[in-house]
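Structure first, commentary second.
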Amino acid sequence: MKNEKEKIQDFTRVAREYCQIIDALDQKEVGQGLNILAHTLPTLYLMALDLPQGDTVSEEGFETIVSHEEWQAIFLKLQGYFGEKDLYFHVFNPIDLTDDRPVAGSLSDDLSDIYRDLKEGIVRLGKASEGDIVWHWKFNFSIHWGTHLVTAMHVIHCLLFKGDIKTNDEDKK
């Protein structure tokens, strides 16, 4: 069984890998990129589940490091990469049975939001307390990027197995 320090190190490694994948995704064919994401996102999810709660956030709080312009550059790059495969429909809150109206979503938005929330912690490594970074990662996982991640996994699964995306099975990672 891994201790907390090892769990944090494992999560940090996978978070860095994810950001590197997103940074270079447009260098792959769409099917290859989706295949890589289909392998990386579940690992990231499992590692986030295992993260400790982290320490109480310092009084200074966390100012945004990844600017909206930086986020938008990633989003637009991904939007161009996925093209017409970017948009999808889903039910916003699947456990609210009183509201089953579909809403539009964007794979680019999902992946960009995950990127930003992870990158915020990665950039702070060595500058802020590890407890603060882990707290933010875990908190934002529970309220924000975790939902984007599971939605993206569903969309990617549909694209790979129900869509017309061609993949190269030899390039899964």
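The numbers here are math on the coordinates, done by the rules we state, and not lab data. Not measured: the values here are computed from a predicted model. In this analysis, Cβ positions are derived from the backbone assuming ideal geometry, glycine residues included, and neighbour counts consider all displayed protein chains.
Starting from segment 1-97, pick out the GluC sites (Glu not before Pro) whose DSSP state is loop and whose Cβ has at most 10 other Cβ atoms within 10 Å.
For GluC sites (Glu not before Pro) across segment 1-97 that sit outside H, G, I, E and B with at most 10 neighbouring Cβ atoms in 10 Å, the list reads 59, 60, 63.
Which whole-number percent gives the relative contact order of the chain, counting Cα pairs below 8 Å spaced six or more residues apart?
35 percent
Pick from 107, 34, 125: which is most flexible by mean-square fluctuation in a GNM of the chain where alpha carbon atoms under 10 Å apart are linked?
So, out of 107, 34, 125, the one fluctuating most is 125.
Pairs 2/138; 7/127; 85/127; 85/138; 5/85: which are spaced more than 27 Å apart, C-alpha to C-alpha?
85/127; 85/138; 5/85
Just to be sure I understand the model, the point goes 7 Å from the Cα along the line to the Cβ. What's the resulting residue 160 to residue 4 distance in nm?
3.4 nm
Got the relative contact order for segment 87-157 handy, in percent, Cα pairs under 8 Å and 6 or more residues apart?
Reported as a whole number, the value is 31 percent.
Excluding residue 72 itself, calculate the net charge of residues whose Cβ lies under 11 Å from the Cβ of residue 72, where each Lys or Arg counts +1 and each Asp or Glu counts -1.
Taking every Cβ under 11 Å from that of residue 72, the sum is -1.
Mind pulling the angle between the C-alpha long axis of helix 107-124 and the longest principal axis of the chain? Nearest 10 degrees, somewhere in 0 to 90.
Orientation of helix 107-124: about 20 degrees from the principal axis.
Using each residue's phi in segment 136-141, evaluate 6.51 cos²θ - 1.76 cosθ + 1.60 at θ = phi - 60° and report the 3J(HN,Hα) Karplus result to the nearest Hz, with x for Gly and Pro.
5, 4, 5, 4, 5, 4
Where does the chain land at 222 nm, in deg cm²/dmol rounded to the nearest 500, when only DSSP H runs of n ≥ 4 count, each adding -39500 (n - 2.57), divided by all residues?
Here the helix-only value at 222 nm equals -20000 deg cm²/dmol.
Would you mind checking which residues have amide H under 5 Å from residue 91's amide H? H placed 1.01 Å from N; only 5 or more apart, or other chain.
Amide H neighbours of residue 91: 103.
Where does the Debye-calculated log10 I(q)/I(0) of the chain sit at q = 0.12, 0.13 Å⁻¹, using only Cα point scatterers of equal weight, no solvent?
Those come out to -0.58, -0.67, one per q.
Calculate the spin-label point distance for residue 29 paired with residue 143, positioning each point 7 Å from the Cα along the beta-carbon direction, and give it in nanometres.
Here the answer is 4.3 nm between the modelled labels.
Taking loop as defined by DSSP and a crowding limit of 10 other beta carbons within 10 Å, which trypsin sites (Lys or Arg not before Pro) in segment 87-146 fit?
Within segment 87-146, the qualifying trypsin sites (Lys or Arg not before Pro) (loop, at most 10 other Cβ atoms within 10 Å) are 127.
Can you tell me the orientation of helix 146-161 relative to the chain, as the angle in degrees between its alpha-carbon axis and the longest Cα principal axis, to the nearest 10?
Computed tilt is about 30 degrees.
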